[in-house]
Amino acid sequence: MKKFISLLLFILLVFVSVACGGANEEGEASTSDSGENSENAAEGYPDGPIEIIVGFGEGGGTDTMARMLQPIFQEELGVNVAVRNMPGASSALALEHVAEQPADGQTILFQTDLLRVFPTMGMTDLTYKDFEQVGVGTMGIANFVVSPDSELETFDDIVSLLQEGDATIGVAGVGDPWHLTAEIVNSVVEGESEIITYESGSNAAMATLRGEVDFSISGVNEVVDLLQSGEAESLAVMDKEGFEVPDYGTIPPVTDFVEELEAYAPEGTWWGPAVKAGTPEPIVEKLREVYNKALQSEEFKKFAEEGAIVMIDVDDPQEYTKETTEITSWLLWDIGTGKRSPEEVGIQRPE
């Protein structure tokens, strides 16, 4: 009996040993297979239709730019590329949709700078860490728009009005780049103002022309048609140098009037594609090459020039997004506009 039990124990130990060895071997094979599968997926990318997700409705600045890039992406990648609008919560719904998709590069988020305000405004818990930025190559510079018959004739007049504390300013939304610009200027010149929102920068400009606000802040790209037609005037851009608008003229920089604003310029909105974090690096690099090629195309350069869009060169889009998120989120929190501390979603205060 003892021999029988010993034999059973020996068999059991051998079985466990083999099972464990098999598990280890299988685990190693699985890890290896995972790496190979990732590499193979990258080499075969793309393997089907691609969607570019836009967090705003059709016809807006973000949508227009995404649709300008779409045929170039389609030609370069060799598959059908469709633009899908998914408006809601200042593009937070689009972020959440992309974050729920596989990290395979088949779903591209056409990102805007609003990503940097979400950590403190609380519309989503997603941050730049949940996405890999493919590139940040274009920007809409903030400018200060008035009606042609306004008593405000220069940016100095705007500063005086802010310091008097009686200014009303039209912007697209609380926490957006145009609102942020207003708060920066108020802080530097020690001014006060009432912020009124209008869903978009172009709508805010139209409110200015109707006399609902003293002036509005928006992207030059959002009001270029109004400037060229003579329906509106721009008194300054939030930049260190003047901005040339075709068929309008040069808009002076705010630094010509308030030197202290140089530390905050340029300010505005930016755009660029992003994919879900964890997407294989070869796929990200392939998309980066396509995006950079698109930016250098004559079609896009003409589109940018005619639309008053600034081309910018960002070497490390992920680091750029990190830095702008930290700076913007904490600025909004410190001035009392933020709804929660950025620390709640892991955004540290910048040094």
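Measuring nothing but how far apart in sequence close Cα pairs (under 8 Å, 6+ apart) lie, relative to its length, the chain scores a relative contact order of 23 percent.
The simple spin-label model puts a point 7 Å past each Cα toward its Cβ; for Ser341 and Glu241 those points are separated by 4.2 nm.
Set the Cα radius of gyration of the range 142-240 against 2.2 N^0.38 Å, with N its number of residues, and you get 0.93. Working from Cα pairs under 8 Å separated by at least six residues, relative contact order for the range 154-202 is 48 percent.
Taking amide H positions as modeled 1.01 Å from N, with prolines and chain starts lacking one, the residues under 5 Å from Phe215 and 5 or more places away or on another chain are Thr168, Gly170. Once C-alpha pairs closer than 8 Å and six or more residues apart are averaged by separation and normalised to the residue number of the range 181-302, the relative contact order reads 16 percent. As a calculated quantity, the FRET efficiency between Glu192 and Glu319 at R0 = 45 Å, using C-beta atoms, amounts to about 0.80.
Once you have a ≥ b ≥ c as the square roots of the Cα gyration tensor eigenvalues for the range 276-332, tell me rounded if a/c is under 1.5, and otherwise prolate or oblate according to whether a/b is larger than b/c. Cα axes put the range 276-332 in the oblate bin. Each principal axis of the Cα atoms in the chain has its own extent, and those three values, largest first, are 108, 44, 31 angstrom.
Paramagnetic label reach from Ser229 (point 7 Å along Cα→Cβ; backbone nitrogen cut-off under 19 Å): within the range 130-161, residues 144-150.
Taking the chain as a Gaussian network of alpha-carbon nodes connected by springs under 10 Å, the highest mean-square fluctuation of the residues Ala182, Ala308, Ala263 belongs to Ala263.
Fewest-first ordering of Val159, Val185 by other beta carbons within 10 Å of each residue's beta carbon gives Val159, Val185.
Comparing Gly137, Gly48, Gly201 in a Gaussian network model of the chain, where Cα atoms under 10 Å apart are tied by springs, the biggest mean-square fluctuation is seen for Gly48.
The numbers here are math on the coordinates, done by the rules we state, and not lab data. Just so we're clear, the structure is a prediction, and the values are computed from it rather than from any experiment. All Cβ positions, glycine included, derive from the backbone under ideal geometry; neighbour counts span all protein chains shown.
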